[in-house]
Amino acid sequence: MHTVLSNPAKNRRVLFLSLLLFVHSCFGQPLPIRVSNTHHLLETTDGKPFFWLGDTGWELFHQLNRAEATAYFQKRAEQGFTVIQAVALPELDGLHTPNANGDLPFTDTAFRKPNEKYFAYIDTLIDVAASYGLYIALLPTWGDKVYKDWWGKGPEMFHPENIYTYGRWIGARFRNKANLIWIIGGDRDPRPESQDVEVWRALAKGVTEGVGGADKALMTFHPQPKGTGSSSQWFQRDGWLDLNMLQTGHCRDTEVWETVSNDYNRTPAKPVVNGENIYEEMPVCFNAKELGYANAYDVRKSAYLSVFAGACGHTYGCGPVIFFGPKGGIFSALHGWKEALDFPGANEMKYVRRLVESRPMAERVPAQGILGSEGGCGPERIQATSGRDYAFVYSAYGRDILIRANAGLGSTLEAGWYDPRTGKVKYIGAFDNSKALSFTPPLPTASPVPSQREDWVLILDDAAAKRWQ
């Protein structure tokens, strides 16, 4: 139990004014992104913190015409996204099937001569994205062009020598794009006793030289969800790897916080982002018949648990959108991609960004030490992140949140509940931080029974910061 120190009138507050200042009314031209001095976060080159809120639009350059791509960018920008992950040489027979303009990526059957019209179109869409304030996280090739595995069309065309040449060419081709982030790899882990690691290193080297040096290319690697599920498994000490990317897979209640935490605590320190996880309206574990389709709660939970564990942002994904297909297409999509752009989970992603940006981002760190309990397994996990004088605590299933005495945020804490479905905040009161505190999240208004609990975020502030006035 705890004692409320505030007056009753203050308890009637339902909105936290600083959160209302977050708007998307205008889109500035993006500045290049770099790793911050903390080595765990990102910032623009003018020193402003940057929150990676990504969407996996993998087949963007291959499937969409300019009008469709423009509408997609506009929608995602309005929804608060900052990064679009897309691939130049896509997985779906991208070498033999033309893009929306009828162009192939190469003019010869040996795949040695890039088709300028194909890459000029990518250039155009990168500029359109920039006009909406969006960054493109570009994969030069999908991994099936190195290692086909049991899916993907291939062909397995790249080895260390020719992928270096391609990397240097594509790096030089797009070297002047300020809103470009580079992703090496493409859903393929390097195989044991193979040259795969050297293939990807050669691509990274080529891109780095093509853009004019390591300071001109923010770079990561996209792995598969096996092994550690992280780029760190092979490239943690490589100088070209600026931030680690995870793929935690498409199953429900994966312990994403552990994967994030493992990379957060590695040396040398590097930012980490969950670049592919459970996708909204995609068959859970690829098994729609028995497990159904992932929903907004699934993707929301993965986002908050990843970010609060120390990630520098998060990437959302949607089954119908990743390949921009029709209803009934890949993964037995229940909707077409245009309708799927307005799914609840996509519209709710902006609230995790809005919350993080409402407090000093540059000092934010994982903060499990303030908790009296971390909850149980995936559905009941409680995850905390904090700055010098604030903390956010996510309760994945509405379980009580226990805060240790003298949590270090201030002698008196002001608290409120943040609804990750709406972004609305309700003030609770002020509390003596010298005592252990217990907070019970609100019950759902539609079905107020314990078996129907929802996820909530507890906001704690040092009362001296006067953020609730």
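The values are calculated or read from the model by the stated rules, or taken from the named source; none is laboratory data. Quick caveat: nothing in here was measured; it's all calculated off a predicted structure. Using ideal geometry, Cβ is built from the backbone for each residue, glycine included, and neighbour counts are taken over all protein chains shown.
Looking only at the stretch 153-169, count how many residues are in contact with a Gly (Cβ under 9 Å, 6 or more places away or on another chain) and within 16 Å of Pro190 (Cα to Cα).
1
Return only the number of the condition from (1) modelled with pLDDT of 95 or more; (2) out of contact with any His (no Cβ under 8 Å at 6 or more places or on another chain); (3) more than 25 Å from Thr44 (Cβ to Cβ) that Tyr279 does not satisfy.
With respect to (1) modelled with pLDDT of 95 or more; (2) out of contact with any His (no Cβ under 8 Å at 6 or more places or on another chain); (3) more than 25 Å from Thr44 (Cβ to Cβ), Tyr279 is out only on (2).
Can you pull out every residue in the stretch 355-365 that is touching a Gly at 6+ places or on another chain (Cβ under 9 Å) and either buried (at least 20 other Cβ atoms within 10 Å of the Cβ) or part of a helix (DSSP H, G or I) (or both)?
Scanning the stretch 355-365 gives Leu355, Val356, Arg359, Met361, Ala362, Glu363, Arg364.
Before we move on, is Leu95 under 30 Å from Phe331 (Cα atoms) and under 22 Å from the mean Cα position of the chain (by Cα)?
no
Are there any pairs with C-beta distances below 8 angstrom linking a residue in the stretch 248-270 that is in contact (Cβ under 8 Å) with a residue 24 or more places away in the chain and outside the structural domain of Gly313 (by TED's automatic domain parsing) to a residue that is surrounded by fewer than 18 Cβ atoms within 10 Å (Cβ to Cβ) and of a type in the set (S, T, N, Q), with the two at least 6 apart or on different chains, and if so which?
Close Cβ pairs satisfying both conditions: none exist.
Determine which single condition Thr315 fails, assuming it passes every other condition in (1) at pLDDT 95 or above; (2) surrounded by fewer than 23 Cβ atoms within 10 Å (Cβ to Cβ); (3) not in a loop (DSSP other than H, G, I, E, B).
Unmet condition: (2).
Just wondering, is there one or more residues in the stretch 293-303 that are assigned to a loop (DSSP other than H, G, I, E, B), in contact with a helix residue (DSSP H, G or I) (Cβ under 8 Å, 6 or more places away or on another chain) and under 30 Å from Glu68 (Cβ atoms)?
yes
List the number of the failed condition for Thr385; all other conditions in (1) β-branched (Val, Ile, Thr); (2) assigned by TED's automatic domain parsing to the domain that holds Leu139; (3) out of contact with any Leu (no Cβ under 7 Å at 6 or more places or on another chain) hold.
Evaluating Thr385 over (1) β-branched (Val, Ile, Thr); (2) assigned by TED's automatic domain parsing to the domain that holds Leu139; (3) out of contact with any Leu (no Cβ under 7 Å at 6 or more places or on another chain) leaves (2) as the failure.
Is the stretch 184-197 home to any residue that is assigned by TED's automatic domain parsing to the domain that holds Asp127 and under 15 Å from the mean Cα position of the chain (by Cα)?
No, because not a single residue in the stretch 184-197 is assigned by TED's automatic domain parsing to the domain that holds Asp127 and under 15 Å from the mean Cα position of the chain (by Cα).
Just the residues that are farther than 18 Å from Leu246 by Cα, among the aliphatic types (A, V, I, L, M) and outside any loop (DSSP other than H, G, I, E, B), please, taken from the stretch 135-187.
Matches in the stretch 135-187: Ile163, Ile170, Ala172, Leu180.
Would you kindly identify the strands (runs of 3 or more DSSP E) lying entirely within the stretch 375-469 that contain at least 3 residues that are buried (at least 18 other Cβ atoms within 10 Å of the Cβ)?
Correct list: 382-386, 390-395, 412-418, 425-432, 456-462.
Please list, ordered by first then second residue, the pairs with beta carbon atoms under 7 Å, 6 or more apart or interchain, first in the stretch 398-417 and on the phi > 0 side of the Ramachandran plot, second crowded, with 19+ Cβ neighbours inside 10 Å and part of a strand (DSSP E or B).
Gly398/Trp456; Gly410/Asp462
Identify, please: which residue in the stretch 327-354 is among the small types (Gly, Ala, Ser) and outside any loop (DSSP other than H, G, I, E, B) and is, among those, farthest from the chain's Cα centre (by Cα)?
Among those that are among the small types (Gly, Ala, Ser) and outside any loop (DSSP other than H, G, I, E, B), it is Ser332.
Filter the stretch 281-292 down to the residues that are part of a helix (DSSP H, G or I) and out of contact with any Cys (no Cβ under 8 Å at 6 or more places or on another chain), then identify the one that is nearest to Pro271 (Cα to Cα).
Selected residue: Phe286.
Would you say Lys327 is of a type in the set (Lys, Arg), modelled with pLDDT of 95 or more and more than 19 Å from Val425 (Cβ to Cβ)?
no
Give the residues of the stretch 204-215 that are more than 14 Å from Phe174 (Cβ to Cβ) and part of a helix (DSSP H, G or I), sorted by residue number.
If the condition is that a residue be more than 14 Å from Phe174 (Cβ to Cβ) and part of a helix (DSSP H, G or I), then Ala204, Lys205, Ala214, Asp215 are the ones that fit.
Taking the stated definitions as given, is Phe81 under 17 Å from the mean Cα position of the chain (by Cα), part of a loop (DSSP other than H, G, I, E, B) and either on the phi < 0 side of the Ramachandran plot or in the same structural domain as Tyr279 (by TED's automatic domain parsing) (or both)?
For Phe81, the condition - under 17 Å from the mean Cα position of the chain (by Cα), part of a loop (DSSP other than H, G, I, E, B) and either on the phi < 0 side of the Ramachandran plot or in the same structural domain as Tyr279 (by TED's automatic domain parsing) (or both) - is met.
For the stretch 144-159, does any single residue satisfy the condition of being in the same structural domain as Gln224 (by TED's automatic domain parsing), in contact (Cβ under 8 Å) with a residue 24 or more places away in the chain and closer than 25 Å to Glu339 by Cβ?
No - not one qualifying residue is present in the stretch 144-159.
Search the stretch 178-210 for residues being touching a strand residue (DSSP E or B) at 6+ places or on another chain (Cβ under 8 Å) and among the β-branched types (Val, Ile, Thr), and hand back the single one that is nearest to Glu161 (Cα to Cα).
Checked the stretch 178-210; the qualifying residue nearest to Glu161 (Cα to Cα) is Val207.
Name the residues in the stretch 234-274 that are among the acidic types (Asp, Glu) and either over 16 Å from the mean Cα position of the chain (by Cα) or more than 18 Å from Asp215 (Cα to Cα) (or both), would you?
Selection gives Asp238, Asp253, Glu255, Glu258, Asp263.
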